[in-house]
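For reference, the structure is listed below as structure tokens.
The values are calculated or read from the model by the stated rules, or taken from the named source; none is laboratory data. All values derive from a computational prediction rather than experimental measurement. Virtual Cβ from ideal backbone geometry, glycine too; neighbours counted across all protein chains shown. Just the protein is used for accessible areas: all its heavy atoms, side chains included, with ligands, DNA and RNA removed. Shrake-Rupley method; radii C 1.70, N 1.55, O 1.52, S 1.80 Å.
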Amino acid sequence: MTENDTITAVPRTDEQPPLLQAEHLQLYFPVKSGGLLGRTVGNVHAVDDVSLSLAEGQTLGIVGESGCGKSTLARCLVRLYEPTDGVLRFHGGDITHLGRRGLQPFRREVQMVFQDPVSSLNPRKRVGQIVGAPMRLAGKNRDAIATRIRELLERVGLNPEHVNRFPHEFSGGQRQRIGVARALANDPRLIVLDEPVSALDVSIQAQVINLLDDLQDEFGLSYVFIAHGLSVVRHFSDQIAVMYLGKFVEVSPAAELYHKPIHPYTEALLSAMPLPDPRENRARERRVVGGEPPNPIAPPPGCRFHTRCPRATEVCREVEPPLAEYAGGHLAACHHPLNVGPAEISAATRSPLSPLSAGELMPGSREVAAPGTQLPVTDTGGS
């Protein structure tokens, strides 16, 4: 595909295509011996066969530990990185390998808010220049840009009179609001939020999340929201995907995930969530997974979580589980699922979002976990 190629939409059908769709997306970073000019000795499997679908006006939350590939996936979705393999579609059009000119319409409709509100804003530019840059690139009139900048600053909760200030003159929460205003400049349809509140105080986090929620209702935006923990995305997402070592291990409607986690890793993430009541928080049992994630250059065979999962059996070490679809559109990749009965397991089907490398073995088809096996209980707090 050449630089002059543009997004070609699929033929119109009665069913509206998803706004954003990824099919078996991969992104590998080569590891070279002897520096940049050396030979490739391996690859970091940052994103390894991930499929997702986001409808118009919806929010997809993606959670997982540091280093699991969340931010890399976010950059793939906005085409800051070109995928190694797989297909990426925006509103039905293939954008996987579009060049710079071909991506121009896509750039106007998709924006990103980055994790660090300090490094993501140019310290040498004033607020008005930062927020107005996307509009100037789009060729808008100068007077219209000035009016729009003030409207955006006021909409995100900032004083419009601060257009001539520099980023260092604002607090962390205010700087993140500037980033949100910049993302809104060209009226996008999709905003990818890469841990936008992780660097902020808890009270400021709530303010920014409420702002994003209001903006979604007002402008009909769609979000991909990246976060470390499940507590941040709980009341904000329509669907949540749990990521581990480059793969999705569980995808579920938000409400379903919190009261019925199926994958042991998801249960551990839920256990790390703080409870509002201090007494309940101290009294509850915490299920914490031990050890460190495996090396992404040489991920383990079978289920990638088996090296840290106390429920793991031989089948987990040999066969990668597919994403099994349970009732309510709840997907989980686990040979020994939690919180589902025999009838639900037997009724589960293999999801088309399953990785191509996954085996055909469905839960309950072979080995079963040892009776009474559960995640280890410790008295230490989660992250």
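Quick check on my filter: what residues within region 320-337 are among the hydrophobic types (A, V, I, L, M, F, W, C) and at pLDDT 95 or above?
Residues satisfying the conditions are Leu323, Ala324, Leu331, Ala332, Ala333, Cys334.
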>> Can you go through Ala255, Ala268 and tell me which one is open to solvent by 30 Å² or more (accessible area, probe 1.4 Å) and among the hydrophobic types (A, V, I, L, M, F, W, C)?
In response: Ala255
> Residues of region 84-101 being open to solvent by less than 10 Å² (accessible area, probe 1.4 Å), touching a Leu at 6+ places or on another chain (Cβ under 7 Å) and not in a strand (DSSP E or B), which ones?
Replying inline: Ile95, Thr96
> Based on what the data block shows, is Val180 closer than 17 Å to Glu154 by Cα, modelled with pLDDT under 95, in a helix (DSSP H, G or I) and among the hydrophobic types (A, V, I, L, M, F, W, C)?
Replying inline: no
> Which of the residues that make up region 259-292 are within 24 Å of Gln239 (Cβ to Cβ) and in contact with a Gly (Cβ under 7 Å, 6 or more places away or on another chain)?
Replying inline: Leu269, Ser271, Ala272, Met273
> Mind checking which residues of region 186-199 are in contact with a Gly (Cβ under 8 Å, 6 or more places away or on another chain) and assigned to a strand (DSSP E or B)?
Replying inline: none
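Just give me the residues in region 200-225 being buried (at least 18 other Cβ atoms within 10 Å of the Cβ) and either assigned to a helix (DSSP H, G or I) or at pLDDT below 95 (or both), in sequence order.
Correct list: Leu200, Gln205, Val208, Ile209, Leu212, Leu215.
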> Filtering region 135-170 down to residues that are open to solvent by less than 60 Å² (accessible area, probe 1.4 Å) and small (Gly, Ala, Ser), which residue is nearest to the chain's Cα centre (by Cα)?
Replying inline: Gly157
> What is the one condition in (1) crowded, with 19+ Cβ neighbours inside 10 Å; (2) more than 17 Å from the chain's Cα centre (by Cα) that Ala74 does not satisfy?
Replying inline: (2)
>> Looking at region 183-220 only, could you name the residues that are under 14 Å from Gln115 (Cβ atoms) and among the acidic types (Asp, Glu)?
In response: Asp194, Glu195
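In the list Val50, Val41, which residue meets the criterion of being over 21 Å from Phe236 (Cα atoms), assigned to a strand (DSSP E or B) and modelled with pLDDT of 95 or more?
Just a single option satisfies the conditions, and that option is Val50.
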> Across region 226-245, what is the total count of residues that are at pLDDT 90 or above and either among the aliphatic types (A, V, I, L, M) or closer than 30 Å to Val44 by Cβ (or both)?
Replying inline: 10
